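Some notes on the structure that comes next.
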Amino acid sequence: MADLSTTVAGVVLPRPALLASGIWGESGASLAAAFRAGAGGVVTKSIGVKPREGYPNPTIEQFGEWGMLNAMGLPNPGIEEYPKEIGQALAAGARVVGSIFGGDADEFAALARKMEATGVHALELNLSCPHAKGYGSEIGQDPQVLAEVVKAVKKATTLPVWAKVTPNTQDTALLAEAAEKAGADAITAINTVRALAIDPVLRRPVLAHGFGGLSGPAIRPIGLACVWKIYERVRIPIVGVGGITTAQDAYEYILAGARALELGTAVATKGINVFREVHEGLGRLLDEAHFATIEEAVGQAHRK
């Protein structure tokens, strides 16, 4: 079978599909369980400076097989409490990427220093959450502000920095370019797509917050398009996210230019064994296409 190991900005992953931020990342035990179930690594919940309760219920709406809408509001215990959870994941042997969010460059830098001290292997900057006021895409959709955040984090830490960009903008690749020029070591693309569901009986939005972020198979074509455009305009590695539930999905992202992948909604809908299913199937697809490694397949759709 083809070699499924891959390297993203110096982080060696035994398998390409990681647990995405926001799914199963509440505790160290769940992070460790995802790794033991076959994930090549795990990305933590997005962690902020202070504890945050998030939005009131309802926060999630399921749309059958094609997607999930959520507006959680970035609930988290804060950077002072979360390190013990990371310690459990590291003790299990997992490659851990620490996800952080902040309201400005200084806040991101302070979080980066504290997250580095936990022993994580890389940082993922959440510059793309579509529903948290003052955070995420509200600051990450401005290339200049995004660049300021990346520069501040790079000065504050020696860890590889992955900038997670939003699809809720005119040009996601422009954001990736700004991140690369500012010193980012990799791009994570994409986060959820801003969306809305309305209850026709109650005549109001289904989610308490109103707007939320759509994830799952429905956004896979959007994620693929973003990865495709980013691959043509940056040189740093890309981590593909958005609607990956099968080995075929993963393979398409790799052909579009992704070197690694993240699974989120698929874990919620198909269960934690989805990592093993995706990796086994991906190995067969690479073999059938006569690729000995993932590296050989990255971006091959651009060469046809």
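The values are calculated or read from the model by the stated rules, or taken from the named source; none is laboratory data. Bear in mind that the values here come from a model prediction, so they are computed numbers and not experimental data. So basically every Cβ, Gly included, is an ideal-geometry build from the backbone, and we count neighbours across all protein chains shown.
Can you confirm whether region 188-201 contains a residue that is crowded, with 24+ Cβ neighbours inside 10 Å, in contact (Cβ under 8 Å) with a residue 12 or more places away in the chain, touching a strand residue (DSSP E or B) at 6+ places or on another chain (Cβ under 8 Å) and not in a loop (DSSP other than H, G, I, E, B)? Talk me through it step by step, then tell me what you get.
We begin by selecting, within region 188-201, every residue crowded, with 24+ Cβ neighbours inside 10 Å; these are 188-192.
Narrowing further to those that are in contact (Cβ under 8 Å) with a residue 12 or more places away in the chain: 188-192.
If we keep only those that are touching a strand residue (DSSP E or B) at 6+ places or on another chain (Cβ under 8 Å) too, we end up with 188-192.
Adding the requirement that they be not in a loop (DSSP other than H, G, I, E, B) leaves 188-189.
Taking every residue of region 188-201 in turn, at least one turns out to be crowded, with 24+ Cβ neighbours inside 10 Å, in contact (Cβ under 8 Å) with a residue 12 or more places away in the chain, touching a strand residue (DSSP E or B) at 6+ places or on another chain (Cβ under 8 Å) and not in a loop (DSSP other than H, G, I, E, B).
Consider ALA156 carefully, then state whether it is modelled with pLDDT of 95 or more, surrounded by 21 or more Cβ atoms within 10 Å (Cβ to Cβ) and over 19 Å from the mean Cα position of the chain (by Cα). Talk me through it step by step, then tell me what you get.
Numbers: modelled with pLDDT of 95 or more: yes; surrounded by 21 or more Cβ atoms within 10 Å (Cβ to Cβ): yes; over 19 Å from the mean Cα position of the chain (by Cα): yes.
Yes; evaluated as a whole, the condition is true for this residue.
Tell me the residue from GLY134, GLY64, GLY98 that is closer than 30 Å to GLY283 by Cβ and modelled with pLDDT under 95, please. Outline the logic, then answer.
Working: GLY134 fails: closer than 30 Å to GLY283 by Cβ; GLY98 fails: modelled with pLDDT under 95.
Just one listed residue meets the conditions, GLY64.
Can you confirm whether region 118-130 contains a residue that is surrounded by fewer than 17 Cβ atoms within 10 Å (Cβ to Cβ), on the phi > 0 side of the Ramachandran plot and in contact with a helix residue (DSSP H, G or I) (Cβ under 7 Å, 6 or more places away or on another chain)?
Within region 118-130, the first condition is being surrounded by fewer than 17 Cβ atoms within 10 Å (Cβ to Cβ), and the residues that meet it are 119.
Those left that are additionally on the phi > 0 side of the Ramachandran plot: 119.
In the following step, the residues that additionally are in contact with a helix residue (DSSP H, G or I) (Cβ under 7 Å, 6 or more places away or on another chain) were identified as 119.
Looking for residues that are surrounded by fewer than 17 Cβ atoms within 10 Å (Cβ to Cβ), on the phi > 0 side of the Ramachandran plot and in contact with a helix residue (DSSP H, G or I) (Cβ under 7 Å, 6 or more places away or on another chain), one finds at least one in region 118-130, hence yes.
Each row is one residue, and each column tells you yes or no for (1) modelled with pLDDT under 95; (2) in contact with a helix residue (DSSP H, G or I) (Cβ under 7 Å, 6 or more places away or on another chain).
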| position | (1), (2) |
| --- | --- |
| GLY73 | yes, no |
| ALA91 | no, no |
| PHE108 | no, yes |
| MET115 | no, no |
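Hey, any hits in region 231-240 for a residue that's within 17 Å of LEU263 (Cα to Cα), β-branched (Val, Ile, Thr), modelled with pLDDT of 95 or more and in contact with a Leu (Cβ under 8 Å, 6 or more places away or on another chain)? Write out each step before concluding.
Pass one, region 231-240, residues within 17 Å of LEU263 (Cα to Cα): 238-240.
The next check asks that each one be β-branched (Val, Ile, Thr); those that pass are 238-239.
Next cut, modelled with pLDDT of 95 or more only: 238-239.
Next cut, in contact with a Leu (Cβ under 8 Å, 6 or more places away or on another chain) only: 239.
Yes, there is a match, as at least one residue in region 231-240 is within 17 Å of LEU263 (Cα to Cα), β-branched (Val, Ile, Thr), modelled with pLDDT of 95 or more and in contact with a Leu (Cβ under 8 Å, 6 or more places away or on another chain).
Considering only region 204-214, I want to know if a residue exists there that is surrounded by fewer than 22 Cβ atoms within 10 Å (Cβ to Cβ), of a type in the set (D, E, K, R) and not in a strand (DSSP E or B).
In the first step, residues of region 204-214 are kept if they are surrounded by fewer than 22 Cβ atoms within 10 Å (Cβ to Cβ); the result is 204-206, 208-211.
Then keep just the ones that are of a type in the set (D, E, K, R); that gives 204.
Filter once more, keeping what is not in a strand (DSSP E or B): none.
Within region 204-214, not a single residue is surrounded by fewer than 22 Cβ atoms within 10 Å (Cβ to Cβ), of a type in the set (D, E, K, R) and not in a strand (DSSP E or B).
Could you run through region 100-120 and say how many residues are farther than 11 Å from VAL150 by Cα and among the aliphatic types (A, V, I, L, M)? Talk me through it step by step, then tell me what you get.
The initial filter retains those residues of region 100-120 that are farther than 11 Å from VAL150 by Cα, namely 100-103, 107, 110-111, 113-120.
When the remaining residues are screened for being among the aliphatic types (A, V, I, L, M), the result is 100, 110-111, 115, 117, 120.
Of the residues in that region, 6 qualify.
Can you tell me how many residues in region 244-288 are at pLDDT below 95 and of a type in the set (S, T, N, Q)?
1
On the basis of being among the polar types (S, T, N, Q), touching a helix residue (DSSP H, G or I) at 6+ places or on another chain (Cβ under 8 Å) and more than 18 Å from VAL227 (Cβ to Cβ), does THR192 make the cut?
On the way: among the polar types (S, T, N, Q): yes; touching a helix residue (DSSP H, G or I) at 6+ places or on another chain (Cβ under 8 Å): yes; more than 18 Å from VAL227 (Cβ to Cβ): no.
The answer is no for THR192.
Inside region 16-43, can you point out the residues that are assigned to a loop (DSSP other than H, G, I, E, B) and over 21 Å from LEU159 (Cβ atoms)? Break it down into steps so the answer makes sense when it comes.
Our first condition is that a residue be assigned to a loop (DSSP other than H, G, I, E, B); within region 16-43, this holds for 16, 20-27, 37-41.
Across region 16-43, the qualifying residues are ILE23, TRP24, GLU26, SER27, ALA37, GLY38.
Residues in region 69-81: is at least one in contact with a His (Cβ under 9 Å, 6 or more places away or on another chain), buried (at least 20 other Cβ atoms within 10 Å of the Cβ) and free of Cβ contacts under 8 Å to residues at least 60 places away in the same chain?
yes
Taking into account only those residues within region 77-136 that are among the hydroxyl-bearing types (Ser, Thr, Tyr) and within 13 Å of the chain's Cα centre (by Cα), which is farthest from ALA197 (Cα to Cα)? Before the answer, list the steps.
Within region 77-136, the subset among the hydroxyl-bearing types (Ser, Thr, Tyr) is 82, 99, 118, 128, 135.
Now drop any that are not within 13 Å of the chain's Cα centre (by Cα), which leaves 99, 128.
Values: SER99: 28, SER128: 20 Å.
For region 77-136, the residue satisfying everything is SER99.
Do we find that ALA94 is surrounded by 20 or more Cβ atoms within 10 Å (Cβ to Cβ) and over 16 Å from ALA268 (Cβ atoms) in this structure?
On the way: surrounded by 20 or more Cβ atoms within 10 Å (Cβ to Cβ): yes; over 16 Å from ALA268 (Cβ atoms): yes.
Considered against the rule, which asks whether it is surrounded by 20 or more Cβ atoms within 10 Å (Cβ to Cβ) and over 16 Å from ALA268 (Cβ atoms), ALA94 comes out as yes.
Looking at region 9-44 only, could you name the residues that are modelled with pLDDT under 95, closer than 14 Å to GLU124 by Cβ and in contact with a Lys or Arg (Cβ under 7 Å, 6 or more places away or on another chain)?
Scanning region 9-44 gives GLY22, GLY25.
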